[in-house]
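A quick write-up on the structure given underneath.
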Amino acid sequence: MVSTSYTIDSNPKLRFGIVTDSHHADIYTKRSRYNRQSLAKMQECVDLIEKQKVGFLIELSDLKNRDNEPNEN
């Protein structure tokens, strides 16, 4: 039999946040995509990250929503 115990450090050495798929666009709601609400939701995220004293943020998605291909020239 294996016994394992865990403790939660009330003063962690490292905190990080993860955010993904904000998809901001000035377009109408389509199915479950509320694109116009993205800026407000991102502000909620930033406020929480600041409150939690997060050291860094990981972005797990593309930063472009749709349409025109980027011009790399």
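Observations
- Among the conditions (1) on the phi < 0 side of the Ramachandran plot; (2) in contact with a strand residue (DSSP E or B) (Cβ under 9 Å, 6 or more places away or on another chain), GLU44 misses just one, which is (2).
- Residues that are β-branched (Val, Ile, Thr) and either surrounded by fewer than 11 Cβ atoms within 10 Å (Cβ to Cβ) or in contact with a His (Cβ under 7 Å, 6 or more places away or on another chain) (or both), drawn from segment 35-58: ILE58
- Among the criteria (1) exposed (fewer than 11 other Cβ atoms within 10 Å of the Cβ); (2) small (Gly, Ala, Ser); (3) at pLDDT below 75, the one SER61 does not fulfil is (3).
- Where a residue in segment 16-30 is within 17 Å of PHE56 (Cβ to Cβ) and its partner, wherever it lies, is of a type in the set (Gly, Ala, Ser), with Cβ under 9 Å and at least six apart: PHE16/GLY55; GLY17/GLY55; VAL19/SER61; THR20/SER61
- Enumeration of residues in segment 13-34 that are loosely packed, with under 10 Cβ neighbours inside 10 Å and not in a strand (DSSP E or B): LYS13, LEU14, ASP26, TYR28, ARG31, SER32
The values are calculated or read from the model by the stated rules, or taken from the named source; none is laboratory data. Just so you know, these numbers come straight off a predicted model, no measurement behind them. Note: ideal-geometry Cβ built from the backbone for every residue, glycine included; neighbour counts use all protein chains shown.
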